[in-house]
1. Picking from Ala141, Ala184, which residue would you name as being closer than 25 Å to Met34 by Cα and not assigned by TED's automatic domain parsing to the domain that holds Asn213?
2. Only one of these is assigned to a helix (DSSP H, G or I), touching a Phe, Trp or Tyr at 6+ places or on another chain (Cβ under 8 Å) and open to solvent by less than 80 Å² (accessible area, probe 1.4 Å): Leu203, Leu155. Name it.
3. Please tell me if Ile80 is out of contact with any helix residue (DSSP H, G or I) (no Cβ under 7 Å at 6 or more places or on another chain) and farther than 28 Å from Ala208 by Cα.
4. Can you run down the residue pairs with Cβ atoms below 9 Å, 6 or more apart or on separate chains, where the first is in region 56-79 and part of a helix (DSSP H, G or I) and the partner is more than 9 Å from the ligand (Cβ to nearest atom)?
5. I'm trying to understand the selection: among the residues of region 83-102, which are under 24 Å from Ile50 (Cα atoms) and surrounded by 19 or more Cβ atoms within 10 Å (Cβ to Cβ)?
6. Any residue in region 126-136 that is in a strand (DSSP E or B) and aliphatic (A, V, I, L, M)?
7. Being surrounded by fewer than 16 Cβ atoms within 10 Å (Cβ to Cβ) and not in a helix (DSSP H, G or I) is the filter here, so list the residues in region 22-46 that pass it.
8. Does Leu91 satisfy being more than 9 Å from the ligand (Cβ to nearest atom), under 19 Å from Thr150 (Cβ atoms) and either part of a loop (DSSP other than H, G, I, E, B) or touching a Lys or Arg at 6+ places or on another chain (Cβ under 8 Å) (or both)?
Amino acid sequence: MDYENILVERPAEGVGLVRLNRPRAFNALTGPLMDELMSALESMDTDDAIGCMVVTGNEKAFAAGADISEMAQATPVDMIDMAFIARWERLRSIHKPVIAAVSGYALGGGCELALACDMIVASETAQFGQPEINLGVIPGAGGTQRLTRTIGKALAMEMALNDRRLTADEAARFGLVNHVAPVAEYLDVAVKLAAEIAARAPLAVRLAKDAVNMALETTLSAGLAYERNHFYALFATEDQKEGMAAFLEKRKPAWQGK
Ligand code: CAA
């Protein structure tokens, strides 16, 4: 498929990579760019050769937020009609893990896009922020909700109300990012992590992602029941039989994704 705003690659076995590609606008997230990103991820999600995806920008910017020129004159009805935020929901339906590889600016919708992914690998120059308050609005694609659940109320308040930015090291300390690496290496670190996950039992990976995400949605009792059902369901798979047999026979498992 031909894309105008993203580049799609296969940098390692089992890994699909999407690069946001509007460098002159710091990868500001226009509607067409978001549609292309979601289509690319959905197509990788149904591709048996891919087990994990990476979304990245460039060294200077992951993304500087939703495109301000697209919404500057909009009314609320315009925003609803153009599904300005609704299209972001498609990311939640992706079954395979998605890793954000973030360098430079991850602002506004850029920060929210990284937060909506399952893990974040950051370069040392990464900067996370929700500067919407400077525009007279608030985060609209999950910033107030996912940040609060991840880094806690105190810091989320400061970020949403007063444009407090987090450095990569701060983001790691507060549990927002998984790994921080030098600029020259962060993408390789993300791709390596993705390749490792892609080599694991595919159905178990999907259900593990789903169960962890459910922890952000529900009560502990409901979440434990949800987890238990996924655990039991995996005993219907060939990979569970293979994984446990391989352990007992002291050999490496050969996953089938069945
Ligand atoms: N939307 C549209 N264009 C953007 C943009 C954005 N979010 N961010 C940067 N650009 C464009 C600029 O308009 C500029 O375009 P021109 O060259 O055509 O003038 C170009 O990118 C370069 O930007 P700057 O000249 O501002 O470069 P800088 O180095 O001085 O600053 C920056 C870089 C700090 C990223 C700054 O551009 C900036 O603050 N951008 C806006 C960040 C922001 O407010 N994001 C939140 C958007 S709202 C949102 O995301 C809502 C939501 O919750 C979904």
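1. On the way: Ala184 fails: closer than 25 Å to Met34 by Cα.
Answer to the selection: Ala141.
2. Details: Leu203 fails: touching a Phe, Trp or Tyr at 6+ places or on another chain (Cβ under 8 Å).
That would be Leu155, the only listed residue that is assigned to a helix (DSSP H, G or I), touching a Phe, Trp or Tyr at 6+ places or on another chain (Cβ under 8 Å) and open to solvent by less than 80 Å² (accessible area, probe 1.4 Å).
3. On the way: out of contact with any helix residue (DSSP H, G or I) (no Cβ under 7 Å at 6 or more places or on another chain): yes; farther than 28 Å from Ala208 by Cα: yes.
Spelling it out, Ile80 is indeed out of contact with any helix residue (DSSP H, G or I) (no Cβ under 7 Å at 6 or more places or on another chain) and farther than 28 Å from Ala208 by Cα.
4. Pairs that qualify, where the first residue is part of a helix (DSSP H, G or I) and the partner is more than 9 Å from the ligand (Cβ to nearest atom), are Glu70/Gly31; Glu70/Met82; Met71/Asp78; Met71/Met79; Met71/Met82.
5. Just the residues of region 83-102 that are under 24 Å from Ile50 (Cα atoms), to begin with: 87-102.
Result: Trp88, Leu91, Ile94, Lys96, Pro97, Val98, Ile99, Ala100, Ala101, Val102.
6. Taking region 126-136 first, the residues in a strand (DSSP E or B) are 127-129.
The next check asks that each one be aliphatic (A, V, I, L, M); those that pass are none.
No, that holds for no residue.
7. Correct list: Thr46 only.
8. Values: more than 9 Å from the ligand (Cβ to nearest atom): yes; under 19 Å from Thr150 (Cβ atoms): yes; either part of a loop (DSSP other than H, G, I, E, B) or touching a Lys or Arg at 6+ places or on another chain (Cβ under 8 Å) (or both): no.
Against the criterion (more than 9 Å from the ligand (Cβ to nearest atom), under 19 Å from Thr150 (Cβ atoms) and either part of a loop (DSSP other than H, G, I, E, B) or touching a Lys or Arg at 6+ places or on another chain (Cβ under 8 Å) (or both)), Leu91 does not qualify.
The values are calculated or read from the model by the stated rules, or taken from the named source; none is laboratory data. Predicted, not measured: the structure shown is a model, and the values here were computed from it. Glycine gets a Cβ as well: all are built from the backbone with ideal geometry, and neighbour counts include every protein chain shown. These area figures cover heavy atoms from the full protein model, side chains too; ligands, DNA and RNA do not enter into them. Shrake-Rupley method; radii C 1.70, N 1.55, O 1.52, S 1.80 Å.
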